[in-house]
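The values are calculated or read from the model by the stated rules, or taken from the named source; none is laboratory data. None of the values given here were measured: they were computed from a predicted structure. Cβ: placed from backbone, ideal geometry, glycine included. Neighbour counts: every protein chain shown. Only protein heavy atoms, including side chains, enter the accessible area calculation; ligands, DNA and RNA are left aside. Shrake-Rupley method; radii C 1.70, N 1.55, O 1.52, S 1.80 Å.
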Amino acid sequence: MSVREPVGRRAFVVGTGAALLAGGAATGAEAAVVDGPLPDFHPALKDALTFPLAWGTSPIRDFRAWRRAARAQVEEALIVDREDATPYAPEFGERTEADGYTRQLVTLSLTRHERVRAALLTPHGPGPFPAVLLLHDHGARFDIGKEKLVRPWYDATRLASARAWTEKYFSGRFVGDELARRGYVVLAADALGWGDRGPLAYDQQQALAGNFYHLGSSLAGLMAREDARAAGFLARLDRVDRRRIAAVGFSMGAFRAWQTAALSDDVAAAAAVCWMTGLKEMMVPGNNTLRGQSAYYMLHPGLPRHLDFPDVASIAAPRPMLFFNGGLDPLFPADGVRVAHDKLRAVWRSRHAERRLHLRTWPDLGHVFVDRMQDEVFGWLDRVL
């Protein structure tokens with residue numbers, strides 16, 4: 001009587017993958033988790049993603065009707081209540097003078113659940129001014145949020161952290177202060193977990209997101225709703241020209257910028273630096289997204305069954321949009337960026353608005369928003385707003 005040798009993990013995984021490639025199905029006893037971790041059958045899951053609601057693929061041929069349908073699908077995936085008419089009820093702090101602008105803190109209700117403190121910068125002059133909703137990155141650094149982009153004149157401890165952050169990613173500049181000097185009202189608030197609303201520990205993100213799901217809500221959906229509401233707050237300020245509001249962000253803030261443009265008609269333009277890719281091309285072994293944790297801030301359950309990332313951003317078409325990426329950015333593979341840019345270009349071209357779409361890869365740069373990139377964004381904002 002022969003005795004079967006136990007199957008080692010390597011043979012087990014290879015055998016399961018081979019069965020899938022051959023069109024077979026793995027049994028429950030053969031299931032495996034591989035590649036950081038992905039289910040062994042992840043190629044089959046990726047192949048099933050055809051993004052049927054994407055513009056050009058969807059059976060909806062009228063662009064305005066498509067925008068309504070696509071936005072409704074995104075809204076459903078957010079899980080968080082769509083309508084929140086809670087008054088902003090802003091409480092404005094004392095103004096302090098800076099070089100060409102004034103600074104103040106403002107506390108407001110972005111949802112019915114919580115009051116949020118934001119930094120508000122206003123250029124000198126009579127106004128109304130164009131405005132920028134400035135959206136901070138993730139960076140696995142939670143003690144500062146809005147302070148990554150606006151110099152924290154109100155907190156010496158955070159100022160030290162913020163200066164170090166700007167040296168690492170922004171050529172030592174505070175992007176919000178630069179924009180205010182150029183004549184833009186700037187609003188920057190903390191997302192849940194950062195700055196005044198944290199600090200969260202890196203390995204607590206999954207639990208926080210899981211608790212949101214158990215409570216019938218969504219961490220990523222909350223951030224999306226708050227960002228759209230923040231744009232609405234800017235549009236209602238007397239000092240702001242509501243027709244000239246842009247969303248601007250780096251890294252996770254870039255994701256937030258194009259997402260806000262897709263969800264809010266208060267945003268006239270958006271600049272997204274270092275966050276745009278095709279989903280399938282991003283979901284590859286070794287990518288940071290596979291680690292979980294930070295991915296929960298950008299994860300809307302079920303949405304990829306309908307739309308890819310560039311498809312969501314395209315809801316904002318034909319408004320002016322800017323997308324930068326670094327050619328050396330390890331977070332976004334070049335083929336994913338190329339796929340996304342091709343999709344975006346096709347949508348704006350279909351609207352006869354390709355000149356309003358600014359796509360650029362900086363071949364010598366990584367995951368940064370350095371001074372020369374900033375200068376190009378600033379000039380672009382001056383032209384489109």
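Numbers for the structure displayed
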read-out	value
Fluctuation leader among 190, 238, 311 - the chain, Gaussian network, Cα springs under 10 angstrom	238
Eligible lysines near residue 280 by straight Cα distance, threshold 20 Å, same-chain separation 8 or greater	46, 343
Degrees, to the nearest 10: 156-169 long Cα axis against longest axis of the chain	60 degrees
Carbon plus sulfur fraction of accessible area for the chain, probe 1.4 Å, in percent	53 percent
222 nm mean residue ellipticity, helices alone, for the chain (DSSP H n ≥ 4; -39,500 (n - 2.57); rounded to 500)	-10500 deg cm²/dmol
Distance in nm between pseudo-label sites at residue 113 and residue 265 (7 Å out along the Cβ direction from Cα)	2.7 nm
Charge context of residue 161, other residues only, Cβ under 13 angstrom, K/R +1, D/E -1	+3
Among (1) 163; (2) 155; (3) 131, the entry that matches volume of the Cα convex hull per residue in Å³ as calculated here	(2)
Under 15 Å, Cβ to Cβ, from residue 368 - net charge with Lys/Arg +1 and Asp/Glu -1	-1
Distance between modelled label sites at residue 236 and residue 383, nm, 7 Å Cα→Cβ extension	3.5 nm
Prolate/oblate/rounded label for segment 212-261 (Cα gyration tensor, a/c 1.5)	oblate
Three-way shape label, segment 111-189, alpha-carbon gyration tensor, a/c 1.5	oblate
³J(HN,Hα), Karplus 6.51/-1.76/1.60, whole Hz, each residue of segment 206-213, x for Gly, Pro	4, 5, 4, 5, x, 5, 4, 5
Cβ-Cβ FRET estimate between residue 161 and residue 84, R0 fixed at 35 Å, reported to 0.05	0.65
Cα gyration tensor category, rounded, prolate or oblate, for segment 141-239 with a/c compared to 1.5	oblate
About the Cα centre, charge dipole magnitude for the chain (Lys/Arg +1, Asp/Glu -1 at Cβ), debye	800 debye
Helix axis angle, 9-21 relative to the chain longest principal axis, alpha carbon, degrees	90 degrees
Per-peptide average of other Cβ atoms within 10 Å, ordering 324-330, 149-155 highest first	149-155, 324-330
Between helix 334-350 and the chain: long-axis angle, C-alpha atoms, 0 to 90°, nearest 10	60 degrees
Within the chain, longest stretch clear of exposed GluC sites (Glu not before Pro) (DSSP loop, no more than 13 other Cβ within 10 Å)	115-385
Most fluctuating residue given options 213, 169, 297, as computed from a GNM of the chain linking Cα atoms under 10 Å	213
Rounded to 5, the percent of DSSP beta bridges in the chain classed as antiparallel	45 percent
